[in-house]
Structure formats: C-alpha cells, structure tokens
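Student: Mind looking over this structure? Questions follow.
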Amino acid sequence: AELTLAEQLGLKVRRVVIDAGHGGHDSGAIGKAGTKEKDVALAISKKVADGLREKGLEVVLTRDDDTFIRLEDRAKLANEAHGDLFISVHCNSAATHKLRGIETYTLNTSADRYSIRLAARENASSEKGISDLQFILADLATKANTEESSRLANAVQHNLVTGLAGKYNGIKDLGHKEALFYVLLGAKMPAILVETSFLSHSEEEKRLASERYQDEVAKNIVLGVEEFLGDRRRVAKVD
C-alpha cells in the first residue's frame, strides 16, 4: 500500500474525538416509535469512548449530554482538542420504510443522488450562508487526510457489518460512500461519519433503541479503529 503523508512522517494516533450527532433542540431523525437519533447517537458514542479508552487511547467527546452543538463547531472542537481521528455517530432515515443497512461516509462532493439528499438532511441545521461557499470549497481542496479517512471508513464499515451480521438477521452492507457533510468539513485529521442503521425501518429502530444493539455497534466501531491502527503499524514495517 502507498504510504500516506501521516505515515511517511511517522505520525501516531493517540487521541480520538467521538462526535454524537445532533443534540438539544435538534433531535435528528425520529423513528415511528419515537426513538430519537440524538439519544441513540449519544449512547453509542459514550460506549465507543469507553471501548477506546480500554484500548489505551485518549478520547474526547464533542458532547457528553443532551446539548446542542453547531455543525460548524464540531470539527473545530476536534481540531482544538488535537484529535488524531474524528468519528461522527449518526442514525439514518429514509422516506421509504423499506430501506435498511449500515454505511460509513468520508468527506467529498458526490454525484450520487441518495448521498446528496442524506447530506442535505444532516446539514439542515447549518448556519452557513451562500457567501461561505468559497471557504467551503477551499477546505475541500486541501483534504490531506483523504486516504487515511477512506481506510478508517472501510475498516469500521467492515467490522460493523461482519460483527453485527453474526448476531442479527438482515444486516445490509451499504458500503463506504462519499458526501459533503458539514460536520467533517475542516477536520484536520482522518474523519468519518457512521450511519449506524435506519430509524425509519421498524426493525432497525427497535434494535437501535436497545442497549444490546448499541453495545454491539460500539464494540465493532472500536474493532474497526483497532483494525485501522493495525494496518498503519503493518504498513510502517514494510520494506
């Protein structure tokens, strides 16, 4: 594998920033039974934080309670905390109640209509104006961590799908995708957004509301981070 800039410079991963999507007055998606994305995202994020700390990593949470944090401030918080990885945790939702599955995103423009619509929904609470477009495009043009973000996304997605499929029926792999998420914009470290399952799908809503499923999701995100770090260490030893 090609060595990334961070790998060539021997830069280590010590601190992970976990971002629980939405919060406060921004509930995010809400399932038919009333399960709120903000609550599930926070529960999973706290479990991921505990799991990563057990592995010896430092963890910073962008929020650890039901607080609203502006989308524009989340990557800023990660940068100020000198995070080495950024993982934003969300629950998905779709107009059709049949759509289900797990997908993991990295930052990029997208031609895929589904990804564009999802990004528009997740970006709905942004306070940016059209006048900010040139700065947004400049941020996009300097994505130094693109390769490592993709590797992290693939590792997390793979572990989530294989880990959950061993314990639950109907786990669908929607893959690693790219979309223009504000929450990832400007993060100065490898950054991903995980859509853990669909609140708009009745069975997946039931699962997301259960602590057992939240535990399994968190455990497999941690395993994904471990796989990513293991790959970095292996790559560094290759002649």
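Student: Could you please tell me which pairs satisfy a Cβ distance under 9 Å, a separation of 6+ or placement on different chains, a first residue in segment 72-98 that is within 16 Å of Ser126 (Cα to Cα) and without any contact (Cβ under 8 Å) to a residue 60 or more places away in the chain, and a second residue that is part of a loop (DSSP other than H, G, I, E, B) and open to solvent by 10 Å² or more (accessible area, probe 1.4 Å)?
Tutor: The qualifying pairs are Asp73/Thr62.
Student: Now for a different question. Residues of segment 49-68 being small (Gly, Ala, Ser) and surrounded by 15 or more Cβ atoms within 10 Å (Cβ to Cβ), which ones? Break it down stepwise before answering.
Tutor: From segment 49-68, those small (Gly, Ala, Ser) are 49, 51, 56; that's our starting set.
Answer for segment 49-68, where residues must be small (Gly, Ala, Ser) and surrounded by 15 or more Cβ atoms within 10 Å (Cβ to Cβ): Ala49, Gly51.
Student: Identify, from the list Ile30, Ile18, the residue that is surrounded by 20 or more Cβ atoms within 10 Å (Cβ to Cβ) and either at pLDDT 95 or above or among the basic types (Lys, Arg) (or both).
Tutor: Values: Ile30 fails: surrounded by 20 or more Cβ atoms within 10 Å (Cβ to Cβ).
The conditions single out Ile18.
Student: Still on this model: Out of Val217, Val183, report the one residue that is open to solvent by less than 10 Å² (accessible area, probe 1.4 Å) and under 16 Å from Phe86 (Cα atoms).
Tutor: Values: Val217 fails: under 16 Å from Phe86 (Cα atoms).
After ruling out the rest, the residue left standing is Val183.
Student: Let me ask something else about it. Out of Leu208, Leu193, report the one residue that is open to solvent by less than 10 Å² (accessible area, probe 1.4 Å) and not in a helix (DSSP H, G or I).
Tutor: Values: Leu208 fails: not in a helix (DSSP H, G or I).
Being open to solvent by less than 10 Å² (accessible area, probe 1.4 Å) and not in a helix (DSSP H, G or I) holds for just one of Leu208, Leu193, which is Leu193.
Student: I'd like to check something: does segment 69-84 contain any residue that is more than 14 Å from Ile192 (Cβ to Cβ), open to solvent by less than 20 Å² (accessible area, probe 1.4 Å) and at pLDDT below 95?
Tutor: Looking for residues that are more than 14 Å from Ile192 (Cβ to Cβ), open to solvent by less than 20 Å² (accessible area, probe 1.4 Å) and at pLDDT below 95, one finds at least one in segment 69-84, hence yes.
Student: All but one of (1) crowded, with 19+ Cβ neighbours inside 10 Å; (2) in contact (Cβ under 8 Å) with a residue 60 or more places away in the chain; (3) under 26 Å from Ala33 (Cβ atoms) hold for Glu148; which doesn't?
Tutor: Status for Glu148: all satisfied but (3).
Student: Given the criterion out of contact with any strand residue (DSSP E or B) (no Cβ under 6 Å at 6 or more places or on another chain), touching a residue at least 12 places away in the same chain (Cβ under 8 Å) and aliphatic (A, V, I, L, M), identify the matching residue among Leu174, Leu208, Leu199, Leu180.
Tutor: The unique qualifying residue is Leu180.
The values are calculated or read from the model by the stated rules, or taken from the named source; none is laboratory data. In this text the structure is predicted, and so the values were computed from the model without any measurement. Cβ coordinates were reconstructed from backbone atoms using ideal geometry, including for glycine residues, and neighbour counts include every protein chain displayed. Areas reflect the complete protein model, heavy atoms only, side chains present, ligands, DNA and RNA absent. Shrake-Rupley method; radii C 1.70, N 1.55, O 1.52, S 1.80 Å.
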